[in-house]
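Encoded as structure tokens, the structure appears first; notes follow it.
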Amino acid sequence: MAIHPVEVPANSPVFGGTTSAFARFGHAPAIRSHGHLFISGQIGRRPDGVPGETAEEQTELAIRRLQEILRLENLRLSDLVDVTSYHVDIRENMSGFLAAKQRLVTAPYPAWSIIGVSGLASPELLVEIQATAAYPDDAAR
């Protein structure tokens with residue numbers, strides 16, 4: 001079975017010094033396998049590690065991280081096929097999430113599940129987004 005971890009370079013302008021979290025938590029940012037890219041949950045931290053102040057800012061930061069991982073694999077947000085987002089205080093934070101999502105994610109839309117949770121890995125985090133993208137048929141790896 002062909003499984004290839006995707007690495008985010010340590011000098012990434014989007015991830016900055018936060019790339020060490022992948023090793024600390026023992027997971028890859030993404031795995032390429034059988035024509036799909038499985039992207040680990042992305043959170044709304046700035047490159048310096050500080051989380052965004054609002055659900056809208058954290059959503060934008062998390063989506064920018066998804067975009068960066070996709071870019072490393074020559075993919076775009078339009079290549080996403082399945083997305084799951086996890087939300088703390090979902091009713092309170094949904095409008096900020098939707099504002100960022102509508103600004104950054106355009107048609108064709110992926111399947112997307114939105115799940116409310118009691119908390120994420122750090123208490124200041126409000127949103128986490130994991131996704132699966134499909135490589136174009138002619139570029140399947």
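Summary of computed values
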item	result
Extreme residue, farthest from Leu126 (Cα to Cα), among residues of the range 74-89 that are in contact with a helix residue (DSSP H, G or I) (Cβ under 7 Å, 6 or more places away or on another chain) and assigned to a helix (DSSP H, G or I)	Asp79
Qualifying residues in the range 1-24 (those that are free of Cβ contacts under 8 Å to residues at least 12 places away in the same chain and either outside any loop (DSSP other than H, G, I, E, B) or aromatic (Phe, Trp, Tyr) (or both)) - the one most open to solvent (accessible area, probe 1.4 Å)	Arg24
Matching residues in the range 34-46 - criterion: being within 14 Å of the chain's Cα centre (by Cα) and either within 17 Å of Leu98 (Cα to Cα) or open to solvent by 50 Å² or more (accessible area, probe 1.4 Å) (or both)	Phe38, Gln42, Ile43, Gly44, Arg46
The range 112-141 residues that are within 16 Å of Ile69 (Cβ to Cβ) and assigned to a loop (DSSP other than H, G, I, E, B), paired with ones that are modelled with pLDDT under 95 and open to solvent by 40 Å² or more (accessible area, probe 1.4 Å) (beta carbon under 8 Å, 6 or more apart)	Tyr135/Arg141; Arg141/Ala2; Arg141/His4
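The values are calculated or read from the model by the stated rules, or taken from the named source; none is laboratory data. Here the structure is a predicted model, which is why all the values come from computation and not from measurement. Reconstructed Cβ throughout: ideal geometry from the backbone, glycine too, with neighbour counts over all protein chains shown. Please note that ligands, DNA and RNA were not included when accessible areas were found on the heavy atoms of the full protein model with its side chains. Shrake-Rupley method; radii C 1.70, N 1.55, O 1.52, S 1.80 Å.
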